[in-house]
1. Restricting attention to region B:2-56, which residues are among the small types (Gly, Ala, Ser), more than 9 Å from every other protein chain (Cβ to nearest Cβ) and surrounded by 15 or more Cβ atoms within 10 Å (Cβ to Cβ)?
2. So, restricting to strands (runs of 3 or more DSSP E) that lie completely within region B:10-114, which ones have at least 3 residues that are hydrophobic (A, V, I, L, M, F, W, C) and under 11 Å from the mean Cα position of the chain (by Cα)?
3. Only one of B:Ala88, B:Ala93 is within 27 Å of B:Thr30 (Cβ to Cβ) and within 14 Å of another protein chain (Cβ to nearest Cβ). Can you tell me which?
4. Considering each of A:Val66, A:Val116 in turn, give the residue that is open to solvent by less than 50 Å² (accessible area, probe 1.4 Å), hydrophobic (A, V, I, L, M, F, W, C) and modelled with pLDDT under 95.
5. Are any residues in region A:21-46 open to solvent by 20 Å² or more (accessible area, probe 1.4 Å), assigned to a strand (DSSP E or B) and free of Cβ contacts under 8 Å to residues at least 40 places away in the same chain, and if so, which ones?
6. Just for region A:82-113: of the residues that are closer than 20 Å to A:Glu62 by Cα and open to solvent by 60 Å² or more (accessible area, probe 1.4 Å), which one is modelled with the lowest pLDDT?
Amino acid sequence: DGGITQSPKYLFRKEGQNVTLSCEQNLNHDAMYWYRQDPGQGLRLIYYSQIVNDFQKGDIAEGYSVSREKKESFPLTVTSAQKNPTAFYLCASSSRTGTSGGTDTQYFGPGTRLTVL
Amino acid sequence: AQKVTQAQTEISVVEKEDVTLDCVYETRDTTYYLFWYKQPPSGELVFLIRRNSFDEQNEISGRYSWNFQKSTSSFNFTITASQVVDSAVYFCALSEAGRRALTFGSGTRLQVQP
(Lines give C-alpha, C1' and ligand atoms only; values in the text may rest on other atoms or scores of the structure.)
Protein backbone atom coordinates (compact mmCIF):
# COMPACT_ATOMS: atom_id res chain seq x y z
CA ASP A 1 0.00 0.00 0.00
CA GLY A 2 1.20 3.50 -0.78
CA GLY A 3 1.72 5.85 2.10
CA ILE A 4 3.98 7.71 4.47
CA THR A 5 5.67 6.05 7.40
CA GLN A 6 7.29 7.73 10.36
CA SER A 7 9.42 6.13 13.02
CA PRO A 8 9.61 5.82 15.87
CA LYS A 9 6.10 6.53 17.09
CA TYR A 10 7.40 7.66 20.48
CA LEU A 11 10.87 9.01 21.18
CA PHE A 12 12.48 10.08 24.43
CA ARG A 13 15.55 12.24 24.48
CA LYS A 14 17.81 13.48 27.20
CA GLU A 15 18.73 17.12 27.20
CA GLY A 16 21.81 17.81 25.10
CA GLN A 17 21.27 14.87 22.74
CA ASN A 18 20.58 14.99 19.03
CA VAL A 19 17.85 12.69 17.74
CA THR A 20 16.76 11.83 14.21
CA LEU A 21 13.16 11.24 13.16
CA SER A 22 12.56 9.09 10.13
CA CYS A 23 10.09 9.81 7.33
CA GLU A 24 9.67 7.57 4.29
CA GLN A 25 7.12 7.72 1.47
CA ASN A 26 6.37 5.38 -1.42
CA LEU A 27 3.91 7.67 -3.19
CA ASN A 28 6.54 8.83 -5.70
CA HIS A 29 6.03 12.37 -4.43
CA ASP A 30 8.69 14.96 -5.13
CA ALA A 31 7.98 17.33 -2.24
CA MET A 32 8.28 16.49 1.44
CA TYR A 33 7.66 18.54 4.58
CA TRP A 34 8.19 18.54 8.33
CA TYR A 35 5.73 20.18 10.68
CA ARG A 36 5.70 20.58 14.43
CA GLN A 37 2.50 20.53 16.50
CA ASP A 38 2.32 21.75 20.08
CA PRO A 39 -0.67 20.97 22.33
CA GLY A 40 -3.77 22.92 21.38
CA GLN A 41 -2.09 24.51 18.40
CA GLY A 42 -1.96 24.13 14.68
CA LEU A 43 0.98 22.81 12.71
CA ARG A 44 4.02 24.95 11.99
CA LEU A 45 6.45 24.33 9.15
CA ILE A 46 10.02 23.38 10.05
CA TYR A 47 11.60 22.46 6.68
CA TYR A 48 10.49 21.40 3.26
CA SER A 49 12.12 19.89 0.22
CA GLN A 50 10.85 20.12 -3.34
CA ILE A 51 13.44 17.86 -4.90
CA VAL A 52 16.31 15.57 -3.98
CA ASN A 53 19.39 17.37 -2.60
CA ASP A 54 17.46 20.59 -2.05
CA PHE A 55 15.54 21.91 0.96
CA GLN A 56 14.36 25.21 2.42
CA LYS A 57 13.79 26.50 5.92
CA GLY A 58 10.28 26.94 7.14
CA ASP A 59 8.99 29.24 9.85
CA ILE A 60 10.67 27.52 12.81
CA ALA A 61 13.86 25.91 11.44
CA GLU A 62 16.20 26.95 14.26
CA GLY A 63 17.56 23.93 16.13
CA TYR A 64 16.59 21.48 13.37
CA SER A 65 18.39 20.02 10.36
CA VAL A 66 17.31 17.84 7.44
CA SER A 67 18.72 15.98 4.47
CA ARG A 68 17.19 14.77 1.22
CA GLU A 69 19.52 12.26 -0.36
CA LYS A 70 16.76 10.05 -1.70
CA LYS A 71 13.36 10.90 -3.11
CA GLU A 72 11.65 8.56 -0.66
CA SER A 73 13.31 9.77 2.52
CA PHE A 74 13.40 13.07 4.43
CA PRO A 75 14.87 12.59 7.93
CA LEU A 76 14.68 15.34 10.53
CA THR A 77 17.35 15.83 13.18
CA VAL A 78 16.41 17.65 16.35
CA THR A 79 19.63 19.10 17.66
CA SER A 80 20.60 20.11 21.18
CA ALA A 81 20.22 23.72 20.02
CA GLN A 82 16.45 23.32 19.88
CA LYS A 83 15.39 24.82 23.19
CA ASN A 84 11.97 23.24 23.55
CA PRO A 85 11.80 20.12 21.37
CA THR A 86 8.98 18.30 23.16
CA ALA A 87 6.20 18.16 20.56
CA PHE A 88 4.40 16.04 17.99
CA TYR A 89 6.22 15.93 14.65
CA LEU A 90 4.40 15.27 11.41
CA CYS A 91 5.90 14.54 8.03
CA ALA A 92 3.99 15.15 4.80
CA SER A 93 4.51 14.75 1.07
CA SER A 94 2.95 16.03 -2.12
CA SER A 95 3.44 15.84 -5.87
CA ARG A 96 5.21 18.70 -7.56
CA THR A 97 3.16 21.50 -9.05
CA GLY A 98 1.21 20.20 -12.00
CA THR A 99 0.80 21.82 -15.36
CA SER A 100 -2.05 23.90 -13.99
CA GLY A 101 0.40 25.60 -11.63
CA GLY A 102 -1.66 24.67 -8.63
CA THR A 103 -0.65 23.49 -5.20
CA ASP A 104 -0.91 19.78 -4.68
CA THR A 105 -2.51 18.22 -1.66
CA GLN A 106 -0.21 17.24 1.18
CA TYR A 107 -0.66 13.82 2.74
CA PHE A 108 0.57 13.15 6.24
CA GLY A 109 2.28 10.36 8.09
CA PRO A 110 1.20 9.08 11.53
CA GLY A 111 3.61 11.33 13.44
CA THR A 112 6.35 10.97 16.04
CA ARG A 113 5.85 12.18 19.59
CA LEU A 114 9.13 13.45 21.00
CA THR A 115 9.60 13.98 24.72
CA VAL A 116 12.67 15.51 26.33
CA LEU A 117 13.43 14.10 29.74
CA ALA B 1 1.24 37.35 5.14
CA GLN B 2 -1.25 34.54 5.18
CA LYS B 3 -3.28 33.66 8.24
CA VAL B 4 -6.03 31.21 9.16
CA THR B 5 -8.37 31.72 12.09
CA GLN B 6 -10.52 29.05 13.65
CA ALA B 7 -12.27 30.90 16.42
CA GLN B 8 -14.06 27.88 17.85
CA THR B 9 -11.61 26.10 20.14
CA GLU B 10 -13.96 23.31 21.14
CA ILE B 11 -17.50 22.30 20.20
CA SER B 12 -19.61 19.65 21.88
CA VAL B 13 -22.76 18.26 20.28
CA VAL B 14 -25.04 15.31 20.74
CA GLU B 15 -25.11 12.62 18.10
CA LYS B 16 -27.32 13.41 15.08
CA GLU B 17 -27.01 17.15 15.54
CA ASP B 18 -25.65 19.25 12.69
CA VAL B 19 -22.50 21.22 13.42
CA THR B 20 -20.60 23.92 11.51
CA LEU B 21 -16.91 24.58 11.95
CA ASP B 22 -15.82 28.09 11.01
CA CYS B 23 -12.68 29.07 9.13
CA VAL B 24 -11.64 32.60 8.21
CA TYR B 25 -8.51 33.26 6.19
CA GLU B 26 -6.32 36.18 5.16
CA THR B 27 -4.17 36.37 2.07
CA ARG B 28 -2.97 38.99 -0.39
CA ASP B 29 -2.79 36.54 -3.26
CA THR B 30 -5.59 36.19 -5.75
CA THR B 31 -4.71 32.54 -6.31
CA TYR B 32 -4.70 30.33 -3.25
CA TYR B 33 -5.89 26.97 -2.00
CA LEU B 34 -7.90 26.02 1.06
CA PHE B 35 -7.93 22.68 2.82
CA TRP B 36 -9.65 20.88 5.65
CA TYR B 37 -7.96 18.07 7.57
CA LYS B 38 -9.25 15.81 10.33
CA GLN B 39 -6.99 14.71 13.19
CA PRO B 40 -8.47 11.77 15.13
CA PRO B 41 -7.01 10.77 18.53
CA SER B 42 -4.38 8.65 16.75
CA GLY B 43 -2.74 11.87 15.59
CA GLU B 44 -2.50 11.38 11.85
CA LEU B 45 -3.94 14.17 9.71
CA VAL B 46 -6.54 12.95 7.26
CA PHE B 47 -7.18 15.03 4.15
CA LEU B 48 -10.85 15.95 3.64
CA ILE B 49 -11.08 18.58 0.91
CA ARG B 50 -9.15 21.08 -1.16
CA ARG B 51 -10.60 24.20 -2.79
CA ASN B 52 -9.09 26.62 -5.33
CA SER B 53 -9.70 30.33 -4.93
CA PHE B 54 -11.26 30.56 -8.36
CA ASP B 55 -13.83 27.86 -7.63
CA GLU B 56 -16.50 29.08 -5.24
CA GLN B 57 -18.84 26.20 -5.78
CA ASN B 58 -19.94 24.61 -2.56
CA GLU B 59 -19.30 20.92 -2.20
CA ILE B 60 -21.12 18.07 -0.55
CA SER B 61 -19.66 14.67 0.21
CA GLY B 62 -22.01 12.43 2.12
CA ARG B 63 -22.65 14.05 5.51
CA TYR B 64 -19.93 16.64 4.90
CA SER B 65 -20.41 19.95 3.12
CA TRP B 66 -18.24 22.99 2.62
CA ASN B 67 -19.28 26.61 2.07
CA PHE B 68 -16.63 28.78 0.42
CA GLN B 69 -17.32 32.53 0.33
CA LYS B 70 -14.59 34.80 -0.99
CA SER B 71 -16.59 37.91 -0.06
CA THR B 72 -16.20 37.08 3.63
CA SER B 73 -12.92 35.10 3.31
CA SER B 74 -14.54 32.09 4.88
CA PHE B 75 -14.43 28.37 4.21
CA ASN B 76 -16.83 26.74 6.65
CA PHE B 77 -17.34 23.02 7.15
CA THR B 78 -20.65 21.46 8.12
CA ILE B 79 -21.24 17.94 9.36
CA THR B 80 -24.83 16.82 9.07
CA ALA B 81 -26.25 14.25 11.49
CA SER B 82 -23.00 14.02 13.44
CA GLN B 83 -21.72 10.69 14.69
CA VAL B 84 -19.40 9.72 17.53
CA VAL B 85 -16.74 8.78 14.94
CA ASP B 86 -16.66 12.44 13.87
CA SER B 87 -15.02 13.32 17.18
CA ALA B 88 -11.62 14.76 16.30
CA VAL B 89 -9.70 17.97 15.87
CA TYR B 90 -10.39 19.64 12.55
CA PHE B 91 -7.89 21.95 10.89
CA CYS B 92 -8.42 24.49 8.17
CA ALA B 93 -5.31 25.36 6.13
CA LEU B 94 -4.29 27.80 3.42
CA SER B 95 -1.62 27.71 0.73
CA GLU B 96 -0.78 30.56 -1.58
CA ALA B 97 0.27 29.77 -5.13
CA GLY B 98 4.03 29.51 -5.28
CA ARG B 99 4.37 28.79 -1.57
CA ARG B 100 4.13 25.06 -1.09
CA ALA B 101 3.78 24.94 2.65
CA LEU B 102 0.46 25.11 4.42
CA THR B 103 -0.54 27.68 7.01
CA PHE B 104 -2.81 26.04 9.55
CA GLY B 105 -5.44 27.40 11.86
CA SER B 106 -5.25 26.39 15.51
CA GLY B 107 -7.92 23.74 15.05
CA THR B 108 -11.40 23.05 16.42
CA ARG B 109 -11.92 20.09 18.71
CA LEU B 110 -15.28 18.46 18.03
CA GLN B 111 -16.78 16.17 20.66
CA VAL B 112 -19.83 14.20 19.59
CA GLN B 113 -21.63 12.69 22.56
CA PRO B 114 -23.72 9.54 22.11
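The values are calculated or read from the model by the stated rules, or taken from the named source; none is laboratory data. These figures come from a predicted structure and were not determined experimentally. When we count neighbours, we look across all protein chains shown, and the Cβ atoms used for this are built from the backbone with ideal geometry, even at glycine. Only protein heavy atoms, including side chains, enter the accessible area calculation; ligands, DNA and RNA are left aside. Shrake-Rupley method; radii C 1.70, N 1.55, O 1.52, S 1.80 Å.
1. Of everything in region B:2-56, just one residue is among the small types (Gly, Ala, Ser), more than 9 Å from every other protein chain (Cβ to nearest Cβ) and surrounded by 15 or more Cβ atoms within 10 Å (Cβ to Cβ), namely B:Ser53.
2. Where strands (runs of 3 or more DSSP E) fall fully within region B:10-114 and carry at least 3 residues being hydrophobic (A, V, I, L, M, F, W, C) and under 11 Å from the mean Cα position of the chain (by Cα), they are B:32-39, B:46-52, B:74-79, B:88-96.
3. B:Ala93
4. Of the residues listed, the single one that is open to solvent by less than 50 Å² (accessible area, probe 1.4 Å), hydrophobic (A, V, I, L, M, F, W, C) and modelled with pLDDT under 95 is A:Val116.
5. Correct list: A:Arg44 only.
6. A:Lys83
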